[in-house]
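Encoded as structure tokens, the structure appears first; notes follow it.
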Amino acid sequence: MRAILDYCTGGTKRDVPAGTSVLHEGGKTGHLFVLVEGRVEVIKGDSIVAVITEPGAVFGEMSVLLDQPHTATVRAASDSTIYEFDDAASFLRDQPQVSLLIARLLAQRLNVATTYLADLMHQYAGHGTHLAMVGELLHSMINLPPTEVSPGSDRQSDPRM
């Protein structure tokens, strides 16, 4: 994801001291963040679910793309530097290359999740345990209804923003 750093000229570069939360689970900022250097933790509830150290890593993207609150808290685990984009939707519209890189990242995450769930489904097929519901979960992931999106042009403002 280091390639994203080439497109971050319009963002605000911030130094974030260790222990500082960058975004909060349940909050809604409309901001997108890109790690320049350092280490951040992704926290869901009380659990650290990921530690990110890769320059160019993006966070806040799911909230922006789904127009929903943040699904996790992101906190600096060490002194870090980030780019922050206050109007992430405009940034993504103006930088289609970044949108494509984020789409690839999200597709990769989805592939890992579905592969893992399919493996669980295969391992526990016929066991009648609570893990038998994995098949239902995979089915529902594949058949999620699309969100309402109104087609328009660059001249029209997006009513969701």
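Looking at segment 107-123, which of its residues are at pLDDT below 80 and either of a type in the set (S, T, N, Q) or closer than 23 Å to Leu65 by Cα (or both)?
Residue satisfying the conditions is Gln123 alone.
Closer than 17 Å to Arg2 by Cβ and without any contact (Cβ under 8 Å) to a residue 40 or more places away in the chain, is that true of Gln97? Don't jump to the end; show me each part of the working.
Working: closer than 17 Å to Arg2 by Cβ: yes; without any contact (Cβ under 8 Å) to a residue 40 or more places away in the chain: no.
Against the criterion (closer than 17 Å to Arg2 by Cβ and without any contact (Cβ under 8 Å) to a residue 40 or more places away in the chain), Gln97 does not qualify.
Could you run through segment 44-59 and say how many residues are closer than 22 Å to Ala103 by Cβ and outside any strand (DSSP E or B)? Please lay out each step first, then the result.
Taking segment 44-59 as the starting set, the residues that turn out to be closer than 22 Å to Ala103 by Cβ are 49-50, 52, 54-59.
Keeping just the survivors that are outside any strand (DSSP E or B) gives 54-57.
Within segment 44-59, residues that are closer than 22 Å to Ala103 by Cβ and outside any strand (DSSP E or B) number 4.
Got at least one residue in segment 83-99 being hydrophobic (A, V, I, L, M, F, W, C), buried (at least 16 other Cβ atoms within 10 Å of the Cβ), farther than 27 Å from Ala113 by Cα and at pLDDT 95 or above? Break it down stepwise before answering.
To start, the set of residues in segment 83-99 that are hydrophobic (A, V, I, L, M, F, W, C) comprises 85, 88-89, 91-92, 98.
Checking the rest, the ones that are also buried (at least 16 other Cβ atoms within 10 Å of the Cβ) come to 85, 88-89, 91-92, 98.
Filter once more, keeping what is farther than 27 Å from Ala113 by Cα: 85, 91.
Applying the additional criterion that residues be at pLDDT 95 or above yields 85.
Checked segment 83-99: at least one residue is hydrophobic (A, V, I, L, M, F, W, C), buried (at least 16 other Cβ atoms within 10 Å of the Cβ), farther than 27 Å from Ala113 by Cα and at pLDDT 95 or above.
So which of Thr29, Thr12, Thr73 ends up being over 17 Å from Ile102 (Cα atoms), in contact with a His (Cβ under 9 Å, 6 or more places away or on another chain) and open to solvent by 30 Å² or more (accessible area, probe 1.4 Å)? I'd like the intermediate steps shown before the answer.
Numbers: Thr12 fails: in contact with a His (Cβ under 9 Å, 6 or more places away or on another chain); Thr73 fails: open to solvent by 30 Å² or more (accessible area, probe 1.4 Å).
Checking each option against the conditions leaves just Thr29.
Evaluate the following for Val58: is it open to solvent by 40 Å² or more (accessible area, probe 1.4 Å), aliphatic (A, V, I, L, M) and within 16 Å of the chain's Cα centre (by Cα)?
On the way: open to solvent by 40 Å² or more (accessible area, probe 1.4 Å): no; aliphatic (A, V, I, L, M): yes; within 16 Å of the chain's Cα centre (by Cα): yes.
So Val58 does not fit the description; no.
Please pick out the residue among Ile102, Ile43 that is within 17 Å of the chain's Cα centre (by Cα), modelled with pLDDT of 95 or more and aliphatic (A, V, I, L, M).
Ile43
Quick one: which residue in Glu41, Glu84 is in a strand (DSSP E or B) and closer than 22 Å to Asp6 by Cα? Lay out the reasoning, then the answer.
Details: Glu41 fails: closer than 22 Å to Asp6 by Cα.
The unique qualifying residue is Glu84.
The values are calculated or read from the model by the stated rules, or taken from the named source; none is laboratory data. The structure presented is a predicted model; accordingly, all values stated were derived computationally and were not measured. A quick note on method: Cβ atoms are made from the backbone with ideal geometry, for glycine too, and the neighbour counts reach across all protein chains shown. For the accessible areas, the whole protein counts, side chains as well, though only heavy atoms, and no ligand, DNA or RNA atoms are used. Shrake-Rupley method; radii C 1.70, N 1.55, O 1.52, S 1.80 Å.
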